[in-house]
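The values are calculated or read from the model by the stated rules, or taken from the named source; none is laboratory data. In this text the structure is predicted, and so the values were computed from the model without any measurement. We place every Cβ from the backbone using ideal geometry, glycine too, and count neighbours over all the protein chains shown.
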Amino acid sequence: MLMRVRTVARNLCGLLYLICRHPSALIGLVILVAYVVMALFAPVLAPYPPNTGSVRQSFLPPAWQEGGSPAHLLGTDHVGRDILSRIIYGARVSLWVGVLSVAISMVVGLVLGAISGYYRGIIDDVLSRFAELLMAFPFLLFAIGVMAILGPGFFNLIAALTFKSWVEFFRLVRGETISEKTKEYVEAARAQGQSNFRIVTGEILPNIIHSVVVLATLRVGYMIITEASLSFLGIGVQPGVPAWGSMVDDGRDYVRTAWWVSTMPGLALLLLVLAINLFGEGLRDILDPRLKVD
Amino acid sequence: MLRIHNLTTEFPTRRGAVRAVEEMSLSLQRGQIMGLVGESGCGKSVTLLSILRLVARPGRIISGSIHFEGRDILSMAPAEVRRIRGADIAMVFQDPLTTLNPVFRVGEQIRESLRVHRIGTGRTSRREERETVLSLMKEVGIPSPESRYWQYPHEFSGGMQQRALIAIALACRPKLLLADEPTTALDVTIQAQILELLSRINSERGTAILFVTHDLAVASEFCHWISVMYAGRIVEQGPVDEVIADPLHPYTEGLLRSIPRLVKPRRRLSPIPGDVPDLIGLTNRCSFESRCDRRMPECAERPVSLVDVGGGRHVRCILYE
C-alpha cells in the first residue's frame with residue numbers, strides 16, 4: 001500500500017513538473033487553484049454574507065468608479081448585496097456542479113463504454129443506438145427540457161446535466177477500448193489466464209485513462225457554462241443560492257445604468273472556464289504521447 | 001504430455017469456411033522441443049491459439065481433441081481453461097514490444113503474472129514477490145535487474161523485451177511453453193541468445209516447448225522434433241536430424257533448397273514456384289500438388305493421409321502410400 005502511494009506520489013510530482021514547463025497549463029492551473037481556494041474558504045474570504053444587503057446600498061458602482069466605496073470592491077446589485085461576496089459564494093455552485101456532473105458522467109461513461117467496447121455484440125448495439133439518440137438533441141435544449149420536468153434544484157441540475165453528458169465519455173471509452181482490445185498485450189494477458197474483468201480494469205483502462213482525464217477536464221468548463229445558462233434562464237439552482245448565471249440575469253434590466261451587476265459575474269465565469277480550458281488543453285499536450293514533440 | 005488429435009480450426013468467411021488448421025495431430029513429451037515449421041498463413045499460430053482456446057471469433061475449433069496431461073482442453077469449462085493458461089501452459093509472442101503493456105513498469109508486469117494464479121493460495125508478501133521477480137529476471141539474463149525492474153518496456157531493447165516476456169511466461173513454472181516465432185522480430189545475434197536461453201530453460205527446468213517458426217535453419221538447430229505444415233496440414237513430421245538430412249515430402253525438400261548457404265559451394269537458390277493455395281474449399285487431396293515438382297496424375301484424384309513410415313516419421317504424400 002505504502003509503495004503504491006509512493007508510486008502515485010512520484011507520478012503526480014512528475015506530472016506537476018511537466019505542467020510547470022507548459023506555460024498555458026500552468027496559468028490555467030494557478031487560476032483554477034485560486035478559484036477552488038475561493039470556493040472552499042468562501043465564508044472567510046467574502047466580506048459580506050451573500051444574501052444580505054439593504055436597498056439603501058443598491059447599485060453602488062465598483063470601488064474604482066466615481067461614487068464607489070472600498071467597502072464594496074465590485075459594487076452592489078439591485079437589492080444592495082455585495083457583488084464580490086456573491087461571486088465568491090457563486091464559485092461554490094459552479095465548481096460543484098461542474099465537478100460533480102462530470103464525475104458522474106465519467107463513471108457512467110467509463111463503465112458502459114468499457115463493457116460496450118470490450119464485449120461488443122448486442123449490448124454494444126443497444127447502448128450505442130441509445131447514445132446516438134441522445135446525441136441528436138442539442139445539449140442546452142435537452143437540459144432545459146429535463147429541468148422543466150424535474151424543477152429547479154441542485155441535484156436536479158446535476159441529473160439534467162449528467163443525463164446526456166455521459167455519452168461523450170461512453171463514445172470515447174468505447175472507441176479506445178475497441179482499438180486497445182486488438183493489441184497484443186491484451187492477447188498476452190488472456191494467454192496468461194487473466195479474467196475479463198482484470199483485463200479491462202488492469203490492462204486496458206490504464207492505457208486509455210489519460211484521454212478520459214483530458215476529456216473530463218474540458219467537460220468541466222462546458223458544464224459550468226451550461227449551469228450558468230440554466231441559472232440565467234431561471235431554471236438552475238434554487239433561487240436565493242448565489243449562482244453566477246442568475247446574477248447575470250439579475251442585472252439584465254440594468255445593463256445600461258449599472259453594467260457591473262451583470263458584467264462582474266460574467267467575467268468570473270469567463271475567467272474560470274478559460275482557466276479550465278487552458279489547463280485541459282495543456283494536460284492533453286502533456287499526456288497524449290502522439291502529440292509529443294521534443 | 002500434450003496430444004493433439006485431428007484438430008480442425010475454421011474461420012467462416014463470406015466465400016466459405018477457411019480451414020486454417022485441418023486434421024492436425026501431434027504429440028509432445030515432457031521436456032521435448034517440437035518445432036512447427038511452415039510459411040506465413042499455414043496455420044502455425046492458429047494451432048498455438050487453439051491449444052489455449054484463444055482463437056478469436058469468428059474462428060472456431062470444429063473438431064478434434066487436445067489432451068494436456070490426460071485432460072481434454074477442448075471440453076473444459078472456460079474457468080478451467082483459464083486456470084491452465086499461464087500456469088501450466090504459457091505463451092511467448094512474436095513482437096515483444098507490443099506484447100508488453102506500455103504503461104506499466106517491466107518488473108511490475110512480471111510480478112503481475114505471478115499474482116494472476118496465486119489468488120486464494122495464501123498471500124505472498126510484496127517483498128517475496130519482488131524477490132521472485134528479480135531472480136526470474138536474473139535467470140533470463142536481464143542484467144542489473146534491480147534497476148531494470150522499474151523501467152518501462154520502451155526503455156528495453158528488443159532482446160531484453162523478449163527476455164522479459166520469457167520471464168513473464170516462466171513466472172508460474174509452466175510445463176509447456178508455446179513460443180510463437182519468438183525470435184523473428186530480433187536481429188540474428190540476439191536471436192541466437194534467445195534460442196540459447198530457451199534451450200537452457202528446457203534442459204534446466206524440463207519445460208517442453210512447442211516452437212513455431214518459419215525459419216527451418218532455426219528449427220534444425222534448436223528442436224528435437226519437427227513438424228512441417230503446409231496449408232493448414234502437417235505434411236511431414238519426425239526427429240529433426242533425420243528430416244533435415246533426408247526430407248521425404250517434396251515441400252520439405254523445397255524449403256531446404258530455398259535456404260541460402262554461406263559456405264561454398266554456393267548454389268543458386270531454388271525457391272518453390274507458385275503460391276500457397278486458397279484455403280477455402282480445400283479438399284483432402286494433396287494441397288501442394290500444383291507447386292510440386294514430383295506430381296503425378298494420381299495426385300489430383302486420390303486423397304492423401306499422414307502415413308507412418310517408421311522411425312517416428314510421418315509424411316503426407318502419395319509417394320509413400
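Of the residues A:Arg120, A:Arg129, the single one that is touching a residue at least 24 places away in the same chain (Cβ under 8 Å) and within 30 Å of B:Pro58 (Cα to Cα) is A:Arg120.
Let's see how each residue does on (1) of a type in the set (S, T, N, Q); (2) assigned to a helix (DSSP H, G or I); (3) within 14 Å of chain B (Cβ to nearest Cβ); (4) crowded, with 21+ Cβ neighbours inside 10 Å:
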site: A:Asn156; (1), (2), (3), (4): yes, yes, no, no
site: A:Ala160; (1), (2), (3), (4): no, yes, no, yes
site: A:Trp166; (1), (2), (3), (4): no, yes, no, yes
site: A:Ser179; (1), (2), (3), (4): yes, yes, yes, no
site: A:Ala188; (1), (2), (3), (4): no, yes, yes, yes
site: A:Pro206; (1), (2), (3), (4): no, yes, yes, no
site: A:Met223; (1), (2), (3), (4): no, yes, no, yes
site: A:Ser231; (1), (2), (3), (4): yes, yes, no, yes
site: A:Gly234; (1), (2), (3), (4): no, no, no, no
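Of the residues in region B:132-140, at least one is touching a Phe, Trp or Tyr at 6+ places or on another chain (Cβ under 9 Å) and surrounded by 22 or more Cβ atoms within 10 Å (Cβ to Cβ).
Quick grid of which residues meet (1) closer than 30 Å to B:Tyr320 by Cβ; (2) modelled with pLDDT of 90 or more; (3) surrounded by fewer than 19 Cβ atoms within 10 Å (Cβ to Cβ); (4) away from chain A (no Cβ under 14 Å):
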| site | (1), (2), (3), (4) |
| --- | --- |
| B:Ile168 | no, yes, no, no |
| B:Thr184 | no, no, yes, no |
| B:Ile226 | yes, yes, no, yes |
| B:Gly232 | yes, no, no, yes |
| B:Glu242 | yes, yes, yes, yes |
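Taking region B:105-124 as the range and being within 11 Å of chain A (Cβ to nearest Cβ), at pLDDT below 90 and part of a loop (DSSP other than H, G, I, E, B) as the test, the residues that pass are B:His117, B:Ile119.
Anything in region A:255-275 that is surrounded by fewer than 19 Cβ atoms within 10 Å (Cβ to Cβ), over 21 Å from the mean Cα position of the chain (by Cα) and hydrophobic (A, V, I, L, M, F, W, C)? List them, or say none. Once the filter is applied, which keeps residues that are surrounded by fewer than 19 Cβ atoms within 10 Å (Cβ to Cβ), over 21 Å from the mean Cα position of the chain (by Cα) and hydrophobic (A, V, I, L, M, F, W, C), region A:255-275 yields A:Val255, A:Trp259.
B:Pro260 meets each of the listed conditions (1) at pLDDT below 90; (2) under 23 Å from B:Glu22 (Cβ atoms); (3) surrounded by fewer than 24 Cβ atoms within 10 Å (Cβ to Cβ); (4) not hydroxyl-bearing (Ser, Thr, Tyr) apart from (2). Taking every residue in region B:239-257 that is more than 20 Å from B:Leu210 (Cβ to Cβ) and pairing it with any residue that is charged (D, E, K, R) and crowded, with 20+ Cβ neighbours inside 10 Å, at least 6 positions away or on another chain, the pairs with Cβ-Cβ distances below 8 Å are B:Pro247/B:Glu236; B:Leu248/B:Glu236; B:His249/B:Glu236; B:His249/B:Arg316; B:Tyr251/B:Glu236. Inclusion of A:Leu110 among residues that are over 19 Å from A:Leu272 (Cβ atoms) and in contact (Cβ under 8 Å) with a residue 60 or more places away in the chain is warranted. Do you know which residues across region A:89-105 are surrounded by fewer than 23 Cβ atoms within 10 Å (Cβ to Cβ) and within 23 Å of A:Arg198 (Cα to Cα)? Hits for region A:89-105 are A:Ala103, A:Ile104.
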